[in-house]
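What follows is calculated from the coordinates using simple rules that are stated; it is not laboratory data. The structure displayed is predicted, hence computed values, not measured ones. Every residue, glycine as well, gets a Cβ built from its backbone with ideal geometry; the counts of neighbours run over all protein chains shown.
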Amino acid sequence: MGTDTSRARRRFLQFLAESPLAYALGAALPLPEIAAQERTLAAQDDAVLSGALKWTDLIKSADQALNVWDFEPVMRNAVPAGHYAYMAQGSDDFGTIAANRRGFDKIRLRPRRLVDTTNVDIGVELFGERYASPIFLCPVGAQLMFNPEGEVAVARAAKAKNALQVLSTVANYSVEDVAAARGAPLWFQLYATSSWDVTRGMIKRAERAGCKALALTVDIPARNLEPSGRFDREHDPHCMACHAAGANPWGLRHMFDGVEMKGVQMGSAFLTWDYVKRLKDSTSMKVLVKGIMTGDDAKLALEHGADGVLVSNHGGRSDESLRGAIDALPEVVDAVQARVPVIVDSGFRRGTDVFKALALGATAVGIGRPYIWGLGAFGQAGVERVLDILNRELRIVMMQMGATSLAKISRTSLEL
C-alpha cells in the first residue's frame, strides 16, 4: 500500500513540475520548489509518503496570511494529494490556467493624485441584494474534500462578510443546509442533465431554498483533465475510500437525493441556446449564462433572455484556449452594452486583478481556488481571511486610483 501511494504522489508531483501550473499558481508554487519536493518525496520512506505532504515555514493561523497564496501550501499539506489534484487540475497542459494570470500583466494602471479617498465604499448591489464587496464565492463542487464542514463553513464565512455565495450542483451539502447557514439568498449554479425532469426538480428545489439566481454552466461539452489520471487514485487508499468500484457517484451530492440517475448524463454537450429560454420559462430566479468567452455568445445569451452573463473559462478547467477570462471581458462588456450585469471569474488572486475587471466593466468578480485554499487550510476562518485580504487590497488600489466607489471606476484608470 505504501509503495503504491508514494508512486502515485510522485507521478502527480512530477506532472505538476513539468507543467505551466508552476507559473499559474504564482509565488506559492514555483517550478524549482515543485521539482525539489518531488525529489524529496522520492527519497523518503513509505511511512512518510503514506501521510500528508510535509512543508516548512507555513502560516499557523488564518490571521497570519498576508496574501491569498499564503493559504495554498497549508491547504496542500492538509488535504490528500488526490483532493489537491482535483482542485489544481486544468485542461491539457494548464495553458489556460497560466493565461488567466498572464492576462492581468498586460493591463497597467494609471494612478490619480490629490483625490480625497478618506472614505471608500466597495459595496455592490446585484438583483436587489446588497453585498459588502463585488468579490463573490464561485461554485466549487465537493467541498468535503477540503474541510469536514465544506459548503456550510463557506456559507458561514459568506454570512460573516456579507458576500455572495454561489452553490454548485455537485455540492456535498444540500442547498437547504447551505442556505440556512448563509442566512441570506444564495445563487445556484446549474449543471444541466439530459433529463428535463431531473433538472427541473433541482431548479424548483433551489427556488424553494430561496435562491435568487441560477447560473447555467455552458463551458464543458467535453474536456481533457490529466492530473487525476496522473495521480493514479486507484492505488491510493485515501481515494479509494470514496471511489471504490461500484460506489454510487451521486451518494454525496445531495441535490440528487431520491433522484433516479441511471442513464442520466450531466454537462453541456446536449445544450443549445433554446435551453436558456426554457429555463427562463421554468423559474422565477434570474438566469445567467456561465462560461461565456466571446461577444458573439454574449449577444446570443441576451437574445435568448439571459438576465446576466458570466465570463469564465472554469478557472482553466474547461478548455485549452490559452485565452484568459480577463482577455475576453472587454468584448463581452462591449457586446452587452450595460443591458444586464456582466460578471467574471477565473484567475483572480489580487485586489488589483479585481479592480482591472471592474474598470473593464464587470459588475462583480468571482474567486474559486483562493477561498478553497483558505477552506482547506483553516476552514471558515480561512475563507473569511481570504475575503478580508482581497477586500483590503481592492480598497487600497481604489484609493491609489482616486475612486471612492465602484461607480467611479472606469477604463480611464487603465492603460491597455
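Within 10 Å, count the other beta carbons around each residue, average over each peptide in 366-378, 279-291, and list them highest first. Kindly include the intermediate steps, with their values, before the conclusion.
Details: 366-378: 27.5, 279-291: 20.5.
Ranking, from highest mean packing down: 366-378, 279-291.
To the nearest 0.05, how large is the calculated FRET efficiency for Lys299 and Arg392 if R₀ is 45 Å and r is the Cβ-Cβ distance? Can you show the working numbers first?
Values: r = 37 Å, r/R0 = 0.82.
E between Lys299 and Arg392, to the nearest 0.05, is 0.75.
To make sure I understand, if each residue's beta carbon is the centre and we count other beta carbons within 10 Å, what order do Tyr191, Tyr173 fall in, fewest to most? Walk me through the numbers on the way to the answer.
Values: Tyr191 19, Tyr173 24.
Ranked by crowding around the Cβ, least crowded first: Tyr191, Tyr173.
Compute the FRET efficiency between Glu125 and Glu260 as 1/(1 + (r/R0)^6), taking r as their Cβ-Cβ distance and R0 = 51 Å, and round to the nearest 0.05.
Values: r = 40 Å, r/R0 = 0.79.
E(calc), rounded to 0.05, equals 0.80.
Once both labels are modelled 7 Å past Cα along the beta-carbon direction, what's the Leu416-Ser195 spacing in nm?
With each label placed 7 Å out from Cα toward Cβ, I get 4.6 nm.
Spin-label point model (7 Å from Cα, Cβ direction): what's the Ser282 to Ala160 distance in nm?
3.8
Can you give me the long-range amide H partners of Leu167? Hydrogens built in the peptide plane at 1.01 Å from N, cutoff under 5 Å, separation of 5 or more residues or another chain.
Answer set, sorted by chain and number: Trp187, Phe188, Gln189.
Determine the alpha carbon to alpha carbon distance for each of Lys212/Lys277; Lys106/Lys212; Lys159/Lys299 and list only those over 26 Å. List each step's numbers first, then the result.
Values: Lys212/Lys277 17 Å; Lys106/Lys212 35 Å; Lys159/Lys299 34 Å.
As for pairs spanning more than 26 Å Cα to Cα, those are Lys106/Lys212; Lys159/Lys299.
Using the Kirkwood formula over every pair of different C-alpha atoms, what hydrodynamic radius in Å results for the stretch 294-416? Please list the in-between numbers first.
On the way: mean 1/r = 0.0654 Å⁻¹.
Its Kirkwood hydrodynamic radius stands at 15.3 Å.
Could you give the length gained by full extension between Ser405 and Gln64, i.e. 0.36 nm per residue of separation minus their alpha carbon distance, to one decimal place? Show your work: numbers first, answer last.
Values: separation 341, 0.36 × 341 = 122.76 nm, distance 2.85 nm.
Here the segment from Ser405 to Gln64 would lengthen by 119.9 nm.
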